[in-house]
Amino acid sequence: MGCFSGLIKLFLLILNLVLLIAFVAMATMGMLIRFNEGYLMDLLSKAVEKWPVRFLHDLIYLIQNFGAPVSIVLIAIGFLVAIVSLIGIFALLCKVKCLAIIYLVSISLLSVVELALIIYIYAIPGNMNKIVEKLLKKTLKVYGEKTDLGTASENLWKMIGLGEGEFCCGLDGYKDFPSGKELPLPCCKKYGNETSPSPTCTETEAAKENVKDCKEKIEDYIGKNKTVFIAVPCGLFAIQVIVLITMSALCTRWHRDD
């Protein structure tokens, strides 16, 4: 039985090491998304391959200004689970029951929080779409402002409106944009590559063209890529559950041996 306990201990050490590396990587990714434009550029260039570099810079600027809650969640969960995994490794190597109990309680609480987040974001229909749409609505509020954020918002909605070879306008139509501002050219079925003078799009023209909203296009894109987003957190959560069950069994054996 001593050999069996040793194998369980080795198995747990490997899984905790995997969790440590994975969640340190998650926290690092959160910090890079928040503060490193080069990393975010590389990440986004794979997600939206057809977008010109100058528009990717604008998208990065918007994400770093409006996407802070996402990066903070990644950083917080990443570092917390990494620290708990370290506690688990020390508990296993030194056979310290007090550390083992702290580890089990901590990993249980974190697993519950992660499960709640996974259910809220992925399992409840429409929640992921609502989160993305909430972020996009923030960009609509600064649209047309004479600031870097305003310019970035204008370029973002132009690219969304032209994406997939089909015109669309705003989340729910042209009325999403602030009154009195020039609208994105796709709202008037214009590409923007016409000869001078530079084309414009007014509310009157947009009302006449009646271009459909971009909500369906955005939701289709999220739906196509949802599997990628859900696979990693679900995989890591499954590892945590396995670790929790196995560690509980090992602690029970330690108690019985004493």
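If the requirement is being at pLDDT below 90, outside the structural domain of Y120 (by TED's automatic domain parsing) and of a type outside the set (G, A, S), which of these qualifies: I245, I239, I222?
I222
Taking only segment 134-157 into account, find how many residues are exposed (fewer than 14 other Cβ atoms within 10 Å of the Cβ) and part of a loop (DSSP other than H, G, I, E, B).
2
Please enumerate the residues belonging to segment 140-168 that are closer than 21 Å to I222 by Cα and without any contact (Cβ under 8 Å) to a residue 24 or more places away in the chain.
Hit for segment 140-168 is G165, nothing else.
Please identify the pairs in which a residue from segment 105-133 that is surrounded by 14 or more Cβ atoms within 10 Å (Cβ to Cβ) has its Cβ atom under 8 Å from the Cβ atom of a residue that is not in a helix (DSSP H, G or I), counting only partners at least 6 apart or on another chain.
Close Cβ pairs satisfying both conditions: E133/L171.
For segment 117-133, which positions are of a type in the set (K, R) and modelled with pLDDT under 85?
none
Just wondering, is there one or more residues in segment 65-72 that are buried (at least 16 other Cβ atoms within 10 Å of the Cβ), at pLDDT 85 or above and either of a type in the set (D, E, K, R) or assigned by TED's automatic domain parsing to the domain that holds F11 (or both)?
Filtering segment 65-72 for residues buried (at least 16 other Cβ atoms within 10 Å of the Cβ) gives 66-67, 71.
Filter once more, keeping what is at pLDDT 85 or above: none.
Within segment 65-72 (the criterion being buried (at least 16 other Cβ atoms within 10 Å of the Cβ), at pLDDT 85 or above and either of a type in the set (D, E, K, R) or assigned by TED's automatic domain parsing to the domain that holds F11 (or both)), the answer is no, since none of the residues qualifies.
So I75 passes all but one of these: (1) at pLDDT below 85; (2) under 14 Å from the mean Cα position of the chain (by Cα). Which condition number does it fail?
Against the list (1) at pLDDT below 85; (2) under 14 Å from the mean Cα position of the chain (by Cα), I75 comes up short only on (1).
In segment 167-180, which residues are of a type outside the set (S, T, Y) and either at pLDDT 85 or above or touching a strand residue (DSSP E or B) at 6+ places or on another chain (Cβ under 9 Å) (or both)?
Passing the criteria: F167, C168, C169, G170, L171, D172, G173, K175, D176, F177, P178.
Of the residues P178, P186, which is assigned to a helix (DSSP H, G or I) and in contact (Cβ under 8 Å) with a residue 24 or more places away in the chain?
Within the list P178, P186, the selection yields P186.
Check E114 against each of (1) modelled with pLDDT of 85 or more; (2) outside the structural domain of F23 (by TED's automatic domain parsing) and name the one condition it does not meet.
So the condition that E114 fails would be (2).
Give the residue that is farthest from the chain's Cα centre (by Cα), with candidates limited to residues of segment 202-241 that are aliphatic (A, V, I, L, M) and closer than 19 Å to C168 by Cβ.
Step by step, filter segment 202-241, then rank; the result is A207.
Restricting attention to segment 27-45, does a residue exist that is of a type in the set (V, I, T), modelled with pLDDT of 75 or more and surrounded by 14 or more Cβ atoms within 10 Å (Cβ to Cβ)?
Yes, that holds for at least one residue.
Among A22, A100, which is touching a Cys at 6+ places or on another chain (Cβ under 6 Å), part of a helix (DSSP H, G or I) and modelled with pLDDT of 85 or more?
A100
Give the residue, chosen from I119, I160, that is part of a helix (DSSP H, G or I), among the β-branched types (V, I, T) and under 17 Å from the mean Cα position of the chain (by Cα).
Step by step, each of I119, I160 is checked, and only I119 is part of a helix (DSSP H, G or I), among the β-branched types (V, I, T) and under 17 Å from the mean Cα position of the chain (by Cα).
Return only the number of the condition from (1) surrounded by 11 or more Cβ atoms within 10 Å (Cβ to Cβ); (2) outside any helix (DSSP H, G or I) that F229 does not satisfy.
(2)
The values are calculated or read from the model by the stated rules, or taken from the named source; none is laboratory data. None of these values were measured; they are calculated from a predicted model. Using ideal geometry, Cβ is built from the backbone for each residue, glycine included, and neighbour counts are taken over all protein chains shown.
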